[in-house]
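The block underneath contains the structure these notes are about, expressed in structure tokens.
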Amino acid sequence: MREINQGCGIILVILMLFIFTASCASIPELKVSYQLPPASAQLKGKKVLLTIKDARSNKEVLGKGAKNELLDFSGNFSLSVAQHKEAELKAGIYRVVGMMREGFRRRLENDGLIPVLQESEEVPQLLIVLNEFFLDRAGRDWVFKMAYEARLVKNDKVLSRENITGEGARYNFSGRGAAETVLGEIFTDSVNRLDINKLFQRAGL
């Protein structure tokens, strides 16, 4: 009887270890932390239709080196957003285009704009054309590049535009953590570098 109890105890310990290991398994999303710039009221009350167009020639998010390191990556990103100098809050889980849409929606609202969902002759469209979103390993570094063109469109006419390219590298000192750091840094820099107020000024809106 004692041997049976010992056997049951061993099985129980193994089962608990299995459950613990499974619960601690790496999460198949990459975390992206987006830090909003200081709030602005220059465009307060203006409405805009936000549209994201995926024009990437290569829809792969990871290069060969990154794939070898991030074997469990699902293609999803866990986006967290922080107001200027405040703690970040999780926004949700997104694919690339969805994350771009959410990031720019937060940026527009931060600038006082009101994003709308339906097209209108009276409301301009901010079209974000995504040209590149690519993470890879180059030697011992994580390298991430993001590029897009922003177009302010009204009645099918492009009134103003701006091209943004961001690129950065991080030494692979902590594996996945370094990849997520460079993702957050370049995503934040690239989204915030767009001068939305200047786009409206050039368009005469």
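A crude spin-label estimate for the pair A138 and L205, with each label 7 Å from Cα along the Cβ direction, gives 3.5 nm. Mean-square fluctuations from a GNM of the chain, with a 10 angstrom spring cutoff on Cα atoms, peak among R176, R107, R140 at R140.
Determine the sum of side-chain charges near A138: Lys and Arg each +1, Asp and Glu each -1, restricted to other residues whose C-beta is under 15 angstrom from that of A138.
Working: positive: K64, K67, R137, R140, K145, R170; negative: E69, D136, D141, E167.
Neighbourhood net charge equals +2.
Debye-formula intensities of region 30-203, expressed as log10 I(q)/I(0) at q = 0.09, 0.12 Å⁻¹, are -0.32, -0.55 (one equal scatterer per alpha-carbon, no solvent).
Dividing the helix sum by the residues of the chain, where each DSSP H run of 4 or more adds -39500 (n - 2.57), gives a mean residue ellipticity at 222 nm of -11000 deg cm²/dmol. Local charge for S160 was computed over the other residues whose Cβ lies under 13 Å away, with Lys and Arg +1 and Asp and Glu -1, and equals +3.
Entry note, the chain: relative contact order of 23 percent, from Cα contacts under 8 Å with a spacing of 6+ residues. Ordering L199, V96, I52 by the projection of their Cα atoms onto the charge dipole of the chain, which places +1 on the Cβ of Lys and Arg and -1 on the Cβ of Asp and Glu, puts L199 at the extreme positive end.
Rounded to the nearest 5, the antiparallel percentage of DSSP beta bridges internal to region 30-203 is 65%.
Cβ-Cβ distance of K59 and R193, R₀ of 22 Å, FRET efficiency by 1/(1 + (r/R0)^6): the value works out to about 0.40.
Past 25 Å, Cα to Cα, is the threshold; run K47/K145; K53/K198; K31/K157 against it and keep the listed order. Please list the in-between numbers first.
Working: K47/K145 30 Å; K53/K198 21 Å; K31/K157 37 Å.
K47/K145; K31/K157, as the Cα separations exceed 25 Å there.
When only the Cβ of Lys, Arg, Asp and Glu is charged (+1, +1, -1, -1), the dipole of the chain relative to its Cα centre reaches about 280 debye.
Readers should treat all values here as calculations from the given coordinates under stated rules, not as data from a laboratory. Nothing here was measured: the structure is a model prediction, and the numbers come from that model. No Cβ is skipped: glycine too gets one built from the backbone with ideal geometry, and neighbour counts run over all protein chains shown.
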